[in-house]
Amino acid sequence: MCALKIPNRTRYRKRVGRFSGLDVKNDESVIDFSTAAMCYNFDFSNGALRGGYGIERHPRVPHDALGYWVYRSYSEVLDKVVDKYIFLLDQGLVEYYNPEDDLIHYFSGFAYSGIEMLNYKLNSKDVMLISTNERPLMTWDGKKLTRYDDAPRISSMALHYERLFVINPNDPTKVFFSDDLDPTNWTVDSTAGGFIELLDERGNMTKVVSFGGYLYVFREHGISRITAIGAQSGFSAVNLFVSADRIYPESIVKCGNVIMFLASDGLYKFDGYDCFKVLTHLNGMIMGAPKASAYFDGRYYLSCKMEFGDDQKIGSELEGDEKCNGLLIYDVTTGEYSVSRGLDIGFMSACTYDGEDMLVACDSVGAGVITRCGKRFDEPLKKLWKSPETDFGKPDRTRMVREVYVDTTVPCSVTLCGKRSKKKTVKRGRHRVRMNAAADAVRLILETDEPDCVIRPPTVIYTEY
């Protein structure tokens, strides 16, 4: 009688390695196992999965605000420079907080769209320049609101070499500029204000940006550059970038030594001379229709519509398909990025209030600041990392996945997709999750609802036959 001999199969290890990105463009067969086929609400900038960016309350940001600006001026009452925050409420009501009496005051009722505000020193006095799409330019000195009916309507404005350059939504082929050192004088004269008209295939003007010593005019399908230093006689314009695709003005932001913007064919970085596409592997996810953008702490933030390729509903997606549902965070220096899902942010502004730098954001359910909190206010955002489906370079072999090693600081679920899917939940700590699942190709999914987490790269243990 002979004993039954059971073959001892070699066990292989496949470690995810450093979590290194997201690719929704390329076929999964060519994506590295450490690159996600889908990932949201995780930040993987340090190689592990951490809680991603969300929005939370701030004591100096009214929760019902729809817009937020900071007015800095000298206070004779307090004998120092103070900050007053101004905020927009529903139905166009504008109020502000005055630190001199620690009270909220009524400002004005604009009831108009496209409000922009800039701090400026007019006639040696600190004022706020205020524009809307439907009203001419206004100034506010902390007490009195002054309207300048001779100024054009304004959809975008930029201070450039002591002149105010603006785009009039009623006449979008021209960029208008004020008198030197006086943004309230719009008289068209060789010694005062004027306009520059650009008519070509780049289309209407949508946004002006002062950058690198030039004024850049973003248009529907291109970019023009204006040299505007000193007297008007020295002004000149040259056309730069042109595209058949539309440039979204809501996405255009000056980010240090570059300008970031989204076009209908993808995300661009502009250095003042040339445009370069970035994050092309996210083109299948970013669907356009941006609502807001900002630059803060070295990162570009873009709120827009995104496609995540599933039927789940997270955060703002539960409130209707018309809602915005994605926030892209992109480090313009390192190229690192992350994607947050379930946020419907319609306004963003990088502000400094009372010495504190903060990125104020207004979501459809309230206003606050964007931080790496992993929540939408009190609601934790579901987080997912999904690997590409892989055969580990051996398409002719079938494998048996024995275990998955997981190291996590929070409870999370581990799903192995093979011939059949197996999902197991683990508590915080280090775990050997037994799977014993046959698979021709393997996909690993990690999920958690915890706002603050650290999940280190897992290891898959398998045999082949």
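The values are calculated or read from the model by the stated rules, or taken from the named source; none is laboratory data. The shown structure was predicted, so the numbers you read here are calculated from the model rather than taken from an experiment. Ideal geometry is used to build each Cβ from the backbone, glycine not excepted, and the neighbour counts take in all protein chains shown. The accessibility values were calculated without ligands, DNA or RNA, using every heavy atom of the protein model including side chains. Shrake-Rupley method; radii C 1.70, N 1.55, O 1.52, S 1.80 Å.
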Quiz prompt | Cβ-derived FRET efficiency at R0 51 Å, GLU307 paired with ASP90, nearest 0.05 | solution = 0.95
Quiz item: Can you work out the FRET efficiency for the pair GLU464 and ASP321, with r the C-beta to C-beta distance and R0 = 35 Å, to the nearest 0.05?
Solution: 0.20
Quiz prompt | Amide H contacts of PHE211 (H built 1.01 Å from N, under 5 Å, at least 5 apart or other chain) | solution = TYR216
Self-check item: Per-pair calculated FRET efficiency, R0 = 35 Å: LYS143 and LEU181 via Cβ, rounded to 0.05
Solution: 0.95
Quiz item: Once amide H atoms are built 1.01 Å from N in the peptide plane, which residues 5 or more positions from SER364, or in another chain, come under 5 Å H to H?
Solution: ASP344, GLY346
Quiz item: Using a simple charge model, +1 on the beta-carbon of Lys and Arg, -1 on the beta-carbon of Asp and Glu, nothing else, what dipole does the stretch 310-368 show about its Cα centre, in debye to the nearest 20?
Solution: 20 debye
Practice problem: With a ≥ b ≥ c taken as the square roots of the eigenvalues of the C-alpha gyration tensor of the stretch 261-378, please select rounded if a/c is under 1.5 and otherwise prolate if a/b is larger than b/c or oblate if it is not? | Solution: oblate
Exercise. Could you pull out every residue, at least 5 positions away or on a different chain, whose amide H is within less than 5 Å of the one on ARG163? Hs are placed 1.01 Å off N in the peptide plane, and Pro or chain starts have none.
Key: LEU181
Quiz prompt | Peptide ranges 75-81, 350-356 listed from the most packed, as the mean C-beta count within 10 angstrom indicates | solution = 350-356, 75-81
Quiz item: Taking a probe of 1.4 angstrom, what is the accessible area of LYS323 in Å², to the nearest 10?
Solution: 50 Å²
Exercise. Can you tell me the relative contact order of the chain? Whole percent, Cα pairs under 8 Å, sequence separation 6 or more.
Key: 17 percent
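Extension gain ALA438-ASP391, at 0.36 nm per residue separation less the Cα-Cα distance, in nm?
Taking 0.36 nm per residue and subtracting the Cα distance, the gain is 15.7 nm.
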Quiz prompt | Phi to ³J(HN,Hα) by Karplus 6.51 cos²θ - 1.76 cosθ + 1.60 over the stretch 294-300, Hz, x for Gly, Pro | solution = 6, 10, 8, 6, x, 10, 9
Exercise. Sticking with the crude label model, points 7 Å out along Cα→Cβ, report the distance from THR191 to THR173 in nm, one decimal please.
Key: 3.1 nm
Quiz item: When ranked by the protection proxy of mean other Cβ atoms within 10 Å per residue, highest first, what sequence do the peptides 36-49, 83-96, 424-437 form?
Solution: 36-49, 83-96, 424-437
Practice problem: Indicate the gyration tensor shape class of the stretch 114-237 (rounded, prolate or oblate), computed on the Cα atoms with a ≥ b ≥ c the square roots of the eigenvalues: a/c under 1.5 is rounded; otherwise a/b larger than b/c is prolate and the rest oblate. | Solution: prolate
Self-check item: Computed Rg/Rh of the stretch 166-255, alpha carbon atoms with Kirkwood Rh
Solution: 0.96
Exercise. Determine the shape class of the stretch 54-163: with a ≥ b ≥ c the square roots of the Cα gyration tensor eigenvalues, call it rounded for a/c under 1.5, and otherwise prolate if a/b is greater than b/c, oblate otherwise.
Key: oblate
Quiz item: Which entry is the computed log10 I(q)/I(0) by the Debye sum over Cα atoms at q = 0.07, 0.13, 0.14 Å⁻¹ for this structure: [x] -0.40, -1.19, -1.31; [y] -0.34, -1.15, -1.32; [z] -0.45, -1.17, -1.30?
Solution: [z]
Quiz item: Residue by residue, what Karplus-based ³J(HN,Hα) values in Hz, rounded to whole numbers, does the stretch 236-251 have, using 6.51, -1.76 and 1.60 with θ = phi - 60° and x for Gly and Pro?
Solution: 8, 9, 9, 8, 10, 5, 9, 8, 6, 8, 7, 9, 8, x, 5, 9
Quiz item: What list of ³J(HN,Hα) couplings, whole Hz, do you get for the stretch 210-217 from phi and the Karplus terms 6.51, -1.76, 1.60, once you set θ to phi - 60° and write x for glycine and proline?
Solution: 8, 7, x, x, 10, 9, 9, 10
